[in-house]
Amino acid sequence: MKRLLVLLLLSLFSAAALAGGSVRLKEIARVEGVRDNALVGYGLVIGLSGTGDTTKNRLTVQSVANTLSHFGVNVSPDDLNSRNVAAVMVTATLPAFAESGQKLDVSVSSLGDARSLGGGILLLTPLNGPDGKLYALAQGALSVGGYEVRAFGSLDRKNYPTVGRVPDGATVEREAPLGLSEGGRTLDVVLYQPDFTTAERIAESLRRNAGVSAIAEHAGKVRVTFATPPSDLVQAISLIENVPVTPDEIARVVVNERTGTVVSGGDVRLGAVTISQGDLRIQVQTDYLVSQPDGYLVNPSRNIGTAVVPQANINVQDPEARMVSIPNGATVADLIAALRAIHLSTRDVITILQSIKDAGALRGELVIQ
């Protein structure tokens, strides 16, 4: 009966989240302690067709010699001369609640001067966490989404052949560390995007819908307190994650100057502003004329000779400035449409947005990437 009641509450919360712009709490926040963990390891990729590290990389040569010694083959690093091996760094992400035997994708990146990792096999590589403990073992064939071909000084390359992936190439050997302890009366909810208003709304929704005590510690964290330690922590967290919350929307315009991209929220408004955009163009063209003496000279002076005479032509175009008036309360979309109507480029639009922000007529945050 208790589980049926919980399922009914979850259904009601999901239905409420679809109306009024509400979302589930799990979409804007997470429970503190539930997080991914980075893994890293050093390994060797073998089987390369002459595209591996050169003998200048003593790290690779020494690693090959050390690896062979584990198989009873003792060889001096000075006797190794092969480009079929490359030293690599292997990285992976260990998700929360990962159990022993679970498979992970790994990324492999060249550490030396290898030209390509295509066709290589990653040897058994231990992957350690930030605490220095071994959490997974990686091994398998690389999948490289690129190539590099050299012939007689010519080069043809696609993407980056020195980086590859091994799908399901790592096996978890140790359970993921978890900062969530059972038997406690409190847990913290961390917002993905800290905001004071949203944090207070989360606390109020938890008190009203989940029947728990909740206080917004600051803009990025809400502390939940149970009356008694929950007997089923998974069920309690599931109930909290499905609480409907209406996040506060921030008026923000994001500008990427490198790509010329402008992204604006629908609630960004402008004050009354007039924009005048001129297009003064000055073109200077210089032609060089050759002047030399005419006729036949007998015993000419040293001061007589061929001379190069520059002749500059200056052309100034100063068309009439174009005017755009934006009424109070207009959106950024209205502004961009008006600027496009007078044939301004995206770069000019970005510059005008920055000027409007400096003039105090942009009622929102301008983020420049």
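The values are calculated or read from the model by the stated rules, or taken from the named source; none is laboratory data. Note that the coordinates shown come from a computational prediction; the quantities given were computed from them, not determined experimentally. Side chains included, ligands, DNA and RNA excluded: accessible areas come from the protein's heavy atoms. Shrake-Rupley method; radii C 1.70, N 1.55, O 1.52, S 1.80 Å.
A few points about this structure:
- T225 accessible area, assembled protein chains, probe 1.4 Å, Å²: 40 Å²
- Residues whose amide H lies under 5 Å from that of L111, counting only those 5 or more places away or on a different chain, are A87, V88, M89; hydrogens are built 1.01 Å from N in the peptide plane.
- Protein heavy-atom accessible surface, 1.4 Å probe, per residue over the range 168-255: 51 Å².
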